[in-house]
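The values are calculated or read from the model by the stated rules, or taken from the named source; none is laboratory data. All figures in this text were calculated on a predicted structure; none of them were measured in a lab. Cβ placement follows ideal geometry from the backbone for every residue including glycine, while neighbour counts extend to all protein chains displayed.
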Number of protein chains: 4
Amino acid sequence: MRKIKVGVLGATGTVGQRFVELLEKHPFFELSEVCASEKSSGKTYLEAVREKWKIKAEIPERIAALEVKDCSPKGLDCEIAFSALDSNVAGQIEENFANAGFAVSSNSKNHRMDADVPLLVPEVNHEHLEIINAQKERRNSEGFIITNPNCSTAGLVIPLKPLDDSFRLDKVHVVTMQALSGAGYPGNSAIDLIDNVYPFISGEEEKMETEPQKILGKLNGASVKNAAFKVSAQCNRVFVSDGHFECVTVELEKKPSIEEIIECFEAFNPLKNFNLPSKPEKPIIVMKEKDRPQPRLDRDKGDGMSVCVGRIKESKTMHYSFNLLSHNTLRGAAMSSILNVELLAEKGFLK
Amino acid sequence: MRKIKVGVLGATGTVGQRFVELLEKHPFFELSEVCASEKSSGKTYLEAVREKWKIKAEIPERIAALEVKDCSPKGLDCEIAFSALDSNVAGQIEENFANAGFAVSSNSKNHRMDADVPLLVPEVNHEHLEIINAQKERRNSEGFIITNPNCSTAGLVIPLKPLDDSFRLDKVHVVTMQALSGAGYPGNSAIDLIDNVYPFISGEEEKMETEPQKILGKLNGASVKNAAFKVSAQCNRVFVSDGHFECVTVELEKKPSIEEIIECFEAFNPLKNFNLPSKPEKPIIVMKEKDRPQPRLDRDKGDGMSVCVGRIKESKTMHYSFNLLSHNTLRGAAMSSILNVELLAEKGFLK
Amino acid sequence: MRKIKVGVLGATGTVGQRFVELLEKHPFFELSEVCASEKSSGKTYLEAVREKWKIKAEIPERIAALEVKDCSPKGLDCEIAFSALDSNVAGQIEENFANAGFAVSSNSKNHRMDADVPLLVPEVNHEHLEIINAQKERRNSEGFIITNPNCSTAGLVIPLKPLDDSFRLDKVHVVTMQALSGAGYPGNSAIDLIDNVYPFISGEEEKMETEPQKILGKLNGASVKNAAFKVSAQCNRVFVSDGHFECVTVELEKKPSIEEIIECFEAFNPLKNFNLPSKPEKPIIVMKEKDRPQPRLDRDKGDGMSVCVGRIKESKTMHYSFNLLSHNTLRGAAMSSILNVELLAEKGFLK
Amino acid sequence: MRKIKVGVLGATGTVGQRFVELLEKHPFFELSEVCASEKSSGKTYLEAVREKWKIKAEIPERIAALEVKDCSPKGLDCEIAFSALDSNVAGQIEENFANAGFAVSSNSKNHRMDADVPLLVPEVNHEHLEIINAQKERRNSEGFIITNPNCSTAGLVIPLKPLDDSFRLDKVHVVTMQALSGAGYPGNSAIDLIDNVYPFISGEEEKMETEPQKILGKLNGASVKNAAFKVSAQCNRVFVSDGHFECVTVELEKKPSIEEIIECFEAFNPLKNFNLPSKPEKPIIVMKEKDRPQPRLDRDKGDGMSVCVGRIKESKTMHYSFNLLSHNTLRGAAMSSILNVELLAEKGFLK
């Protein structure tokens, strides 16, 4: 199979580096363009990231030698643009690329809530892809934008989906302990984390309280009708490198047994007949040890794409509580953007 | 004023060391006896703790020279016994001391739920002290036991009290991020905390889900009638030395405004007319910065006896959520046991 | 005694905050001016630091209300200026103040190696103060600059002094594990410290390899003749809030016994007849436990002004090795600058 | 090729778990026996380690089902025994296995300094294997013991070897910042590492000061003549999961240029013609960035078998200083024991 040429917008930042690492070894895609701000454009990728490459794997040799381009669609040799842009510039640049005919897979928040833009988690709502037809029409272009949710939402919605399917969600409360890499580099000061919990992440609670309802919404013609359950969130940063840990409590329309909860988690595998290299074998791994999942030990399960769930127990105030762990820069960012494009390919949305 | 002679049971452990530090400089008490297990008895206190003294302050010189005695009431030169015993021996030893006529102020869990033993937080339920009369009668002794709650409960009940007084608590959900010192020394392995959250603390959730109802219960003749609100807890250990951080959500009988919540917290000061050296000036400190309280910066407020509250906001699933921070070895252990005895003295329960 | 009015230059930064905290309760000084960059000037001190106050103690109320001024000597109501300025502006501003008649006590590196500027550690070289007479003459002003060394040098030279006095230093090798607060706020990214040692601190090794020779130099008329011993340094940042830990190896002209080393450390107290509120009771504390000193347990010894020394042992490659610990923002910065001015007062160098 | 059957002694501990993980996927070996203390023997391996498995990878399924045996040579179905035993039992058990005809590859300290037991680092001294002929003779058995050095020595001797070959080592000084996993599980208390450096590791400095001279010694007939250079060590534990970081200073017989140092490191590859699956492509990786190597980013280089070297610079007190990083449970323990047996196979020392 001929590989599809892809580019990364914002290729020098933390999420951009992850895209580069993951795309270089991808079976469907060939990374042909790395774009970034003026500060970097014109340099080789190596020159542009040398001081800030924070990934264990080496910079792929072929990419190191690429010239960094501006974030402008003109003259780029690729069909798809993965956007790791900062949200204060992503809005317009992604518009430009979509209008110029590119498929844009964005990790930024700007267009997530747009009516004709899918907020996609393939295991949860792959059928939402249909709404891009309306988007193309609006743009009068073959281009379009798809998005993936905020890193802490991405892990949460996966166990919520089978709960909602089987027992109807009513209320969800979540307290997060989020990893440092979620804030990019340099992100938080070490001084704020030493012997400490840092109890504030700008905008995070608002995203967690609104994105799940769109993601679990019903496809309704050319748009998505948001689900009606309530979500409340309290978000914190802890001294963990990767892996968002979340303490969840749920109230359902009817209260199932704990065995039914476990069974619905373990049976959940809506992508099993899709050929998507980045999907995990099991989207949800239920751990039965009393002290699991833990960020350091479990974040890489399913190559960072499985969500680990543990300590499921009855709650005195709602129906059930459980802990979940999901890798924030893989499931919560770059690898989900890539999975989304694999889904586009599989479903025939790419030329 | 003549000082009252006191002893510490379990004086060589982590909580015992705190008692020693705090009692040595106390205006009411003179620490005259340090008791511990056979391993230590017969040694000087210095010899017994040298390798495991984990408090910044030096071992007080006078105490260093004391001989460590057995945990037996015979021949001890003191009236009051502060118990920092491990729960697997505390039950019987505390009984022995109470029956032998000592006032026992215990930090252990064993007798907390006994019907005629106060589970005391002076700001919340100082009137519960009355039930020790029934206890003395049962024992046919001048001795008795009083207890303070589990370290993570101790901080929680203080803001719950004014909420319950003003708006009646219905449900309380709490997710904790607890400090290392709560597990004693050596406690958790560093390997379990590096780049990690450790999501299990044995017995902790059960205590948090049952103790608050007794503490906020109503004095009813010779016993306490537990309050009826529900509590659910999810407890975790994080890499923080001291200071339990808790994300709380509450549902009340009637929903107040956020200003009313803040006002009831700030007005709360039931001990203001008591002469108790260990009470904080303000039991609750409401912090308005978006990122406070934080364990490292705020745990020592009110000499470790104030509970800091912050990020009060409306919740989408219950009425309000907020964060609280309380010092687990001071408010949550040794200094509360001492405050309890100060209250005994102030209210005339000591000979 | 009338208090001497003092100001702080760079009062809003990390070291500046320490000056404010320490000066507000000082028996000799009254903090009357807080100066900072244009960004802050005109605001109240509270407004200027609110978001970045990183000290446990509250902002002193009186100072909170002061207006922040420019870093210009004109119209300031104080005699002494404590400089916590960043080194990229400190050079000229400190000159301006000295030329305008102020006594400047600087924590910045800019003038440390100037021939007529004392690089002062009172326990080590209080007689170096004499060279400010030459400096005043050069300036044709009553003003002058005195400096304290780099934070990691400050702790090192104190045990070096008695070794040099008794046995003549020949070589000193030091490997540091330095605290986060040494880099100011925000300083290092938490990502660089998680599960890591960060092995680079810009300019630090150069300072440690050259400052000790001036500090231990001999007063020689109007200047200081540097000592001839060699120093080599390897500097690292570790995940510790405060307290620089250093592994030192020394070669001396003649090799003493280990008892002689300990004795010369313990006997060292050259300031015992000076009235200086910020001097510690013992400049060097020798710890004999096999695992001390440790940053968390020992950094506050002597109110952060004692240097703790431990694990003294013979070395196979030089004569002796030992560990030392010194508080980097107290002994290594603000409190040493204050001690220096106390010495000025005591020795009659202030009007 | 038929795989060689091997067993692991002490298979349930931290190093034993690493052996299990590594051997299960090894091209030469088939793990057929897992042995441990009485506490575990008779259980399945899964039952024996379930609560203490601290490796990210899952327990290999085939091994999980094996029955744990006693650490006794009788009736075991394997030719080679990898020993991960605790040193307080390793001495005699390893003797028993060697005398019973097994090749024993030990990670324990007990026999390291025995005259006819190789202390092996294949890149440094593969010719030392010859001395096992004398050992077999002494035992009157086909069995024998080989050992690998202490984890912190293992990384150090690799760059020392080319320096010694080219420029003759005279003195080596090393200060270590060692990872938690070096102490096994539970190892250090989290309380000793929070906001701290722990400055003591029992027996570590003694091993680092004596093992290198044997490892770099000359084969001299049936034994090894130790090298004469001096080593001094100061060992510390820091809050890092894996990867020992060491600050090294060396004095050589003749001082080379820094380019010559780098060249001799980069040219070093004595195993390049050996077929050893566990050897790294490059035993030494010289990093030129000013802030590398770092434990988190670089410990897995060469699958944990390369030693990373950086910040090479002239020293004011000896000739050169540099930092090194080596993975303590791979290069410093289990994988080196395996590499040693691969060397045995390659050189024809196995039947």
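Within region D:170-190, how many residues are farther than 13 Å from residue D:237 by Cβ and surrounded by fewer than 24 Cβ atoms within 10 Å (Cβ to Cβ)?
Adding up the residues that qualify gives 4.
Which condition from (1) surrounded by fewer than 23 Cβ atoms within 10 Å (Cβ to Cβ); (2) at pLDDT 95 or above is the one that residue C:221 breaks?
(2)
Out of the residues in region D:27-56 meeting the condition of being within 14 Å of residue D:16 (Cα to Cα) and part of a loop (DSSP other than H, G, I, E, B), tell me which one is farthest from the chain's Cα centre (by Cα).
D:40
In this structure, is residue C:9 buried (at least 24 other Cβ atoms within 10 Å of the Cβ) and touching a residue at least 12 places away in the same chain (Cβ under 8 Å)?
yes
Just to be sure, is residue C:71 farther than 18 Å from residue C:336 by Cα, modelled with pLDDT of 95 or more and crowded, with 23+ Cβ neighbours inside 10 Å?
Considered against the rule, which asks whether it is farther than 18 Å from residue C:336 by Cα, modelled with pLDDT of 95 or more and crowded, with 23+ Cβ neighbours inside 10 Å, residue C:71 comes out as yes.
Have a look at D:32, D:106, D:40 and point out the one that is away from chain A (no Cβ under 14 Å), crowded, with 24+ Cβ neighbours inside 10 Å, among the polar types (S, T, N, Q) and touching a strand residue (DSSP E or B) at 6+ places or on another chain (Cβ under 8 Å).
The conditions single out D:106.
Kindly check whether there is at least one residue in region C:160-167 that is within 14 Å of another protein chain (Cβ to nearest Cβ), over 27 Å from residue C:88 (Cβ atoms) and in contact with a Pro (Cβ under 8 Å, 6 or more places away or on another chain).
Yes, some residue in region C:160-167 is within 14 Å of another protein chain (Cβ to nearest Cβ), over 27 Å from residue C:88 (Cβ atoms) and in contact with a Pro (Cβ under 8 Å, 6 or more places away or on another chain).
Which one of A:141, A:72 is in contact (Cβ under 8 Å) with a residue 24 or more places away in the chain, among the small types (Gly, Ala, Ser), over 23 Å from residue A:30 (Cα atoms) and in the same structural domain as residue A:24 (by TED's automatic domain parsing)?
A:141
Name the pairs whose Cβ atoms lie under 6 Å apart, with the first residue in region A:198-211 and facing chain B (nearest Cβ under 9 Å), the second basic (Lys, Arg), and 6 or more positions between them or separate chains?
A:198/A:237; A:200/B:290; A:209/B:316
Failed condition for residue C:74, given (1) in contact with a Gly (Cβ under 6 Å, 6 or more places away or on another chain); (2) more than 25 Å from residue C:181 (Cα to Cα), with all others met?
Residue C:74 satisfies every listed condition except (1).
Could you grab me the full set of residues in region B:270-299 that are in contact with a Leu (Cβ under 8 Å, 6 or more places away or on another chain) and surrounded by fewer than 21 Cβ atoms within 10 Å (Cβ to Cβ)?
Residues satisfying the conditions are B:274, B:276.
Taking the stated definitions as given, is residue C:199 closer than 30 Å to residue D:299 by Cα and either within 17 Å of the chain's Cα centre (by Cα) or not assigned by TED's automatic domain parsing to the domain that holds residue C:82 (or both)?
yes
Condition check: surrounded by fewer than 22 Cβ atoms within 10 Å (Cβ to Cβ) and of a type in the set (A, V, I, L, M). Does residue D:145 satisfy that?
no
Taking region D:220-250 as the region of interest, how many residues are more than 10 Å from chain C (Cβ to nearest Cβ) and polar (S, T, N, Q)?
3
Quickly run through region A:257-303 and pick out the residues that are within 13 Å of another protein chain (Cβ to nearest Cβ) and not charged (D, E, K, R).
Scanning region A:257-303 gives A:285, A:287, A:293, A:294, A:295, A:297, A:302.
Quick test for you: out of B:93, B:59, pick the one residue that is within 14 Å of chain C (Cβ to nearest Cβ) and either in a helix (DSSP H, G or I) or surrounded by 15 or more Cβ atoms within 10 Å (Cβ to Cβ) (or both).
B:59 is the lone residue from the list that is within 14 Å of chain C (Cβ to nearest Cβ) and either in a helix (DSSP H, G or I) or surrounded by 15 or more Cβ atoms within 10 Å (Cβ to Cβ) (or both).
Can residue B:56 be described as at pLDDT below 95 and more than 20 Å from residue B:185 (Cα to Cα)?
no
Got a sec? Which of A:154, A:183, A:179, A:190 is among the hydrophobic types (A, V, I, L, M, F, W, C) and away from chain C (no Cβ under 14 Å)?
Going through A:154, A:183, A:179, A:190 in turn, just one is among the hydrophobic types (A, V, I, L, M, F, W, C) and away from chain C (no Cβ under 14 Å): A:154.
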